[in-house]
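One structure below.
The values are calculated or read from the model by the stated rules, or taken from the named source; none is laboratory data. Everything quoted here is computed from the prediction, not taken from an experiment. Here the Cβ positions follow ideal geometry from the backbone for every residue, glycine too, while neighbour counts run over all protein chains shown. Side chains are part of the model used for accessible areas, which takes the heavy atoms of the whole protein and leaves out ligands, DNA and RNA. Shrake-Rupley method; radii C 1.70, N 1.55, O 1.52, S 1.80 Å.
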Amino acid sequence: MDRTLWPSVVVLAAVFAICEATGMDLWLQDHFYNFATHRWVVDANATVPRLLFYTGPKVMIWLLGLFTIGAVVCCRKPRKLPFARRDLIILAATLASAPALVAFGKATTDTFTPAQIRRYNGDAPYVKVMGHYPPGDHPAKRGRGFPAGHASGGYSLLALAGMASTRRGRAIGISIGLCVGTMMGTYQMLKGAHYLSHTLVTAILCWIVFLSWRRIIPPAPPAQMPSVPEKPHPIFHGWRFKSNG
């Protein structure tokens, strides 16, 4: 698992380059938008989908983060924890730092969401992350569409893989992170809040953050077994030896 850090960086660069060089984002997004009615597949104001795929998962992830931090702070003795304390720290650090890193990207890339561009009845021109706005056609308000902030909370759960000591356990942890993050990211795409590239980049970025914390936080040193004095051989039982000198 830890060996995938640098390959993941390469995959991240490749995915970003492909999305920037192709029209994949717009092609897929066109399938989620009705050009006749100017509506998305999912209404952003619909109460039930928002509760199930936006508010609900966000609250659960926040509660998990608070519980993890509380477990790390309150249970300082490893024997009281069902998991290694280091793994709990890495989980808490990933849940906090991955969304924060994504939020920083959203504040600096100046990219608009699908619902905000003119192709889908918005006001802003469509410009990719590495593109430039036409002269005299730069919106007064900066865009905050890249990467996908909402999905970053779900994909941060990839750090659950670090809690397991078996391949099956790690696979379950990865599956939970992928399922929750993809569910949250797909919801955002269906209502015009993000492109596919935003979601893919966020998923890989969260995995890289998790693996980076595993590099930064070293494993705890192995516990030393108490030394047991050697029992004398039965033939020497009861003998006393004088020291030289």
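Structural remarks
- Three-way shape label, region 1-119, alpha-carbon gyration tensor, a/c 1.5: oblate
- Helix 167-190 vs. the chain, principal-axis angle (Cα, 0 to 90°, nearest 10): 20
- Mean-position separation - Cα centroids, region 118-189 and region 11-64, in angstrom: 8
- Residue 39 long-range amide H proximity, modeled H, under 5 Å: 34
- Projecting the Cα atoms of 157, 22, 136 onto the charge dipole of the chain, computed from C-beta unit charges around the Cα centre, puts 157 farthest toward the positive end.
- Only protein atoms count toward the accessible area here, which uses a 1.4 Å probe; on region 39-118, the carbon and sulfur part of that area reaches 69 percent.
- Using alpha-carbon coordinates, inclination of helix 5-21 to the longest axis of the chain, degrees: 0
- Average accessible surface for the chain: 62 Å² per residue, computed with a 1.4 Å probe over protein heavy atoms with every protein chain in place.
- Considering only 37, 93, 120, and ranking their Cα positions along the charge dipole of region 32-157 that arises from unit charges at the beta-carbon of Lys, Arg, Asp and Glu, the one farthest toward the positive end is 93.
- Degrees separating the helix 85-109 axis from the principal Cα axis of the chain, which is the longest one: 20
- Estimated 222 nm signal from helices in the chain, with DSSP H stretches of n ≥ 4 weighted -39500 (n - 2.57), rounded to 500: -16500 deg cm²/dmol
- Total formal charge among the other residues, if their Cβ is under 13 angstrom from that of residue 174, Lys/Arg +1 and Asp/Glu -1: +3
- Global geometry of region 1-53, whether rounded, prolate or oblate, following the gyration tensor of its Cα atoms and the 1.5 cut on a/c: oblate
- Were the residues from residue 3 through residue 52 laid out at 0.36 nm apart, the gain over their Cα-Cα distance would be 14.1 nm.
- Proximity of backbone amide H atoms, modeled 1.01 Å from N, is registered between residue 124 and 117, 118 at under 5 Å, excluding neighbours fewer than 5 places apart on the same chain.
- Charge tally in the Cβ shell below 13 Å around residue 46, where Lys, Arg are +1 and Asp, Glu are -1, residue 46 excluded: +2
- Ordering of 202-209, 161-168, 141-148, 46-53 by packing is 202-209, 141-148, 161-168, 46-53, highest average first (other Cβ atoms within 10 Å, averaged per residue).
- Entry for Kirkwood radius over Cα pairs in Å (calculated from the structure that is shown) out of [x] 17.9; [y] 20.9; [z] 18.8: [y]
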